[in-house]
Amino acid sequence: MMGAPQAKTDDRLTGLAVTATGWAAAPRGDALSRLQSMGLPQRRDEYWKWTRPDTLISADVPPAEAFDAQETPIFGGVDRLKIVFVDGVFSAEESDDLALEGVMIERLAEANSDIHWAQGLYGVLEERGQTPVKRPLAALNTAMATDGLLIHVTGKTGKPISLIYRHVSDTSDAILHHVVKLDEGAELTLLENGPAAARFNKVLEVEVADKASFHHVRAQGRDHARRAATHIFARLGSESAFKSFTLTVNGVLTRNEAVIELTGDDSIAHIAGAAMGDGANGAFHHDDTVFVTHDAERCESRQVYKKVLRNGAEGIFQGKILVKEGAQKTDGYQISQSLLLDEDNQFLAKPELEIYADDVVCSHGSTTGAIDETALYYLRSRGVPKKEATDLLVLSFMAEAVDEIEDDVLREDIVSRLTGWLDRR
């Protein structure tokens, strides 16, 4: 018999209706039909067995702590175009002028014309990402997104676009959906940081045309929402590059999904993450679920994920490399590792390779363990105090993931956040 909480959730799904007009009405309606057909995620689903989906979809969401405005802002030393959302609502007063050479930026909530460039992308990559694994929360986002940005990059932008999510209410919901289209040869760096609401569901769809480059650095910090589900869907053209890095520091429950398609020859996709969690203050559960498809020749992909866990924290990694028939000369690399700072933590990993081409180089690996006592002894024997020695070894462990950030300034800012977490613990 279905329990009361699940029945309440199903009632909410049945009652959903698309209210959008103009070009977005059709893709939103299609997404809602997909969602109602597939249903909400269940614990018995293969890719949800280690993360309870009811904690993300329940109608009864625990309140989240509001953002501490005194926190030193990340990326503060970077010259960037700042776009601020407060509890999922665009704040014109706190945002910069949206004009930037080489890019056109519009709000999803205001793009209501009958014809728009985004109608060929909005929900399209999300729908493609539903095969072979169903992703109901992404379909829910496409159908019901309250706002987001439509970013069309026509050239090389002079500075990064920085999306800042501020959270001031403990009851608000946010469903944000961003679409980024990069024309041939275009370049963009997109930064994201902060929470948005007590329950946060965000989708980012990125179309990278031939010879275009997209760089993405995201920080989910101490101020992160209590419950969060994020999705990245990307499609790459020939000789293009997609590189994404996510830092997660604490937060109660976070599930980050990424679905990347390499559809043009000689394209590159790197996706990485560093998570540091302390389960002492209630809980820390962090889930990275990644699916990379090679569907062209001579393409390269890297998945690099590192987690540092303490005080009963839980880390999840589910990563797959699919090499389709004809995707010869594929170079696919995947590594997931955890460092357990005490004995109460748990790291669960499911690395996968599925290969239908015969001329490829693919590898995957997953390890978990404690601090290297030999290395710790070596540092301490040379006068380094135990805490500082431990911190150095933790930063060294994280280095492979953090090094995926190409920009020196952004990389140093991320390292400073990791160092700050170690200082506070």
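Please tell me if LEU395 is modelled with pLDDT of 95 or more, under 28 Å from the mean Cα position of the chain (by Cα), part of a strand (DSSP E or B) and not small (Gly, Ala, Ser). No, not satisfied. Within the stretch 414-425, residues that are hydrophobic (A, V, I, L, M, F, W, C) have Cβ atoms under 8 Å from residues that are outside any helix (DSSP H, G or I) and modelled with pLDDT under 85 in these pairs: TRP421/ARG222; TRP421/ASN250, counting only partners at least 6 apart in sequence or on another chain.
Scanning the stretch 146-180 for residues being in contact (Cβ under 8 Å) with a residue 60 or more places away in the chain and touching a helix residue (DSSP H, G or I) at 6+ places or on another chain (Cβ under 7 Å) gives a total of 5.
Considering the stretch 273-289, and only residues there that are surrounded by 24 or more Cβ atoms within 10 Å (Cβ to Cβ) and aliphatic (A, V, I, L, M), the residue that is modelled with the lowest pLDDT turns out to be MET276. Residues of the stretch 314-369 that are aliphatic (A, V, I, L, M) and farther than 26 Å from VAL252 by Cβ: ILE321, LEU322, VAL323, ALA327, ILE335, LEU353, ILE355, ALA357, VAL360, VAL361. Residues in the stretch 401-417 that are under 24 Å from GLY279 (Cβ atoms) and more than 18 Å from the chain's Cα centre (by Cα): VAL415, SER416. Each residue in the stretch 304-347 was checked for being in a strand (DSSP E or B), surrounded by fewer than 18 Cβ atoms within 10 Å (Cβ to Cβ) and in contact (Cβ under 8 Å) with a residue 40 or more places away in the chain, and 0 of them qualify.
Of all residue pairs spaced 6 or more apart or on separate chains, those with beta-carbon atoms under 6 Å, a first member in the stretch 269-284 that is farther than 14 Å from ASP342 by Cα and assigned to a strand (DSSP E or B) and a second member that is basic (Lys, Arg) and at pLDDT 90 or above are HIS270/LYS243; HIS270/ARG302; ALA274/LYS306; ALA275/LYS307.
Would the stretch 363-380 turn up any residue that is more than 24 Å from the chain's Cα centre (by Cα) and either in contact (Cβ under 8 Å) with a residue 40 or more places away in the chain or part of a strand (DSSP E or B) (or both)?
Initially, the stretch 363-380 is screened for residues more than 24 Å from the chain's Cα centre (by Cα), giving 369-380.
Cutting the leftovers down to either in contact (Cβ under 8 Å) with a residue 40 or more places away in the chain or part of a strand (DSSP E or B) (or both) gives us 369.
Checking the stretch 363-380: at least one residue is more than 24 Å from the chain's Cα centre (by Cα) and either in contact (Cβ under 8 Å) with a residue 40 or more places away in the chain or part of a strand (DSSP E or B) (or both).
Among the residues of the stretch 235-253, the ones that are more than 12 Å from HIS215 (Cα to Cα), hydrophobic (A, V, I, L, M, F, W, C) and in a strand (DSSP E or B) come to 4 in all.
The values are calculated or read from the model by the stated rules, or taken from the named source; none is laboratory data. Bear in mind that the values here come from a model prediction, so they are computed numbers and not experimental data. Cβ sites come from the backbone with ideal geometry, for glycine too, and all protein chains shown count toward neighbours.
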